[in-house]
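Let me begin by presenting the structure, written as structure tokens, before commenting on it.
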Amino acid sequence: MSEKNQNKKRVLTGITTSGIPHLGNLSGAVLPAIEASKKNNVSSFLFLADYHSLIKNINPELTHSSSFEIAACWLACGLDPEQVTFYRQSDVPHIFELTWILNCLAAKGLMNRAHAYKAAVAENDNAVDPDKGITMGLYNYPILMAADILMFKADIVPVGQDQKQHIEMTRDIALRFNHHYGDILSVPEAMIDEKKGIIPGSDGRKMSKSYNNTIPIFDTSKKLKKLIMKIKTNSLEPGVPKDPNECSVFKIFQAFGNEDEVLNLNKKYENGIAWGEAKEELFNLLEEKIKPFRSEYEKITQDKSYIEKTLKEGAQKALNISTPVIEEIRKAIGIKEFK
Ligand code: TRP
């Protein structure tokens, strides 16, 4: 059995592959997870949540292309596949087996309280059937996510603030499993960077594929500039001091700039920087940060077989870990050989 190395913390995170890689993915998951993966006392599991994407998207071409683009994004931004376990969720069938097992333990009431499900019900606005148009996939989303995490006995899960509830549900389900079947699953902790975690999109709401307000990472400079110039701001004139805390441009800047750069822009806000200028500052900063990733991305996406091979190797590493864990789980729940 490949036992867990007690000196190393397991850090695990995934990205749902239902759109093109955007700045929110970069600041919320990709960069912090790659940074954490370089530490000696960490063993990282980074993956493409491709089955999660079906909840948001039923277009097979988009499912496929998004998965490829997000894989290339991780690699272009510096993920070292030798150092981390990098895989597609769909390559690890044990996750889906565990999903069913957890389904049988998780309280339905717990899922009723999930923010995403409640938001979908609220959108139905007192329709005769409040569940109109809501799939079991959306409803069960947190359980698949729990299986992603518990399958690999992850200790730490870096996520955006919006995913906090899912980690709490995962903990709840893991504790319930352990209570019934013995101390098998690790109870994970969420790691949330309040400052850099969630960034607003061009309309001021959280940057998300669902809101159609994302700023893609790997578009041309020209397109990047155009999108930045379109970010919503208030109508304060140049020369009037501006509040950085209420400003999407500043929030995005803060997620990518270092301390000095952020302080510097803060001062300019106090001195009444013009919005056009603030956006220019943001564009320059992003150009500088993204440029190296962009050229790497161009290179990597030329070589599909390299990406495929890397993910296959990652899947093998993942399976080496998930196989003994699922065997342990099956035995504990009484699904085992007669002898
Ligand atoms: N739900 C996460 C998101 O949309 C993606 C995800 C799926 C995930 N499984 C996970 C994140 C497991 C962390 C751990 O952002």
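The values are calculated or read from the model by the stated rules, or taken from the named source; none is laboratory data. Since the model is a prediction, treat every value here as computed from it, not as a measurement. Note that we place each Cβ from the backbone using ideal geometry, even for glycine, and neighbour counts take in every protein chain shown. Please note that ligands, DNA and RNA were not included when accessible areas were found on the heavy atoms of the full protein model with its side chains. Shrake-Rupley method; radii C 1.70, N 1.55, O 1.52, S 1.80 Å.
At-a-glance table
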read-out	value
Under 19 Å from the Cα of residue 291 - lysines, other chains or at least 8 residues apart	222, 223, 225, 226, 279, 299
Globularity index of the chain, i.e. its alpha-carbon radius of gyration over 2.2 N^0.38 Å	1.06
Carbon plus sulfur fraction of accessible area for the chain, probe 1.4 Å, in percent	51
Förster-model FRET efficiency, 56 Å R0, residue 232 and residue 337, C-beta, rounded to 0.05	0.35
Accessible-area value, residue 313, 1.4 Å probe, nucleic acids and ligands omitted, Å²	100
Taking the chain and dividing mean pair separation by its residue count, relative contact order in percent (alpha carbons under 8 Å, at least six apart)	21
Rough spin-label spacing in nm, given labels placed 7 Å along Cα→Cβ, for residue 289 and residue 323	4.1
Candidate residues 94, 52, 180, 64: accessible-area rank, largest first, probe 1.4 Å	64, 180, 94, 52
Expected 222 nm ellipticity per residue - DSSP helices of 4 or more, -39500 (n - 2.57), all of the chain, to 500	-16000 deg cm²/dmol
Accessible area (Å², per residue) of the chain, counting only protein heavy atoms and a probe of 1.4 Å	52
Computed accessible area, residue 211, all protein chains, 1.4 angstrom probe, square angstrom	100
Residue 44 long-range amide H proximity, modeled H, under 5 Å	11, 85
With DNA, RNA and ligands ignored, accessible area of residue 191 (1.4 Å probe; Å², nearest 10)	90
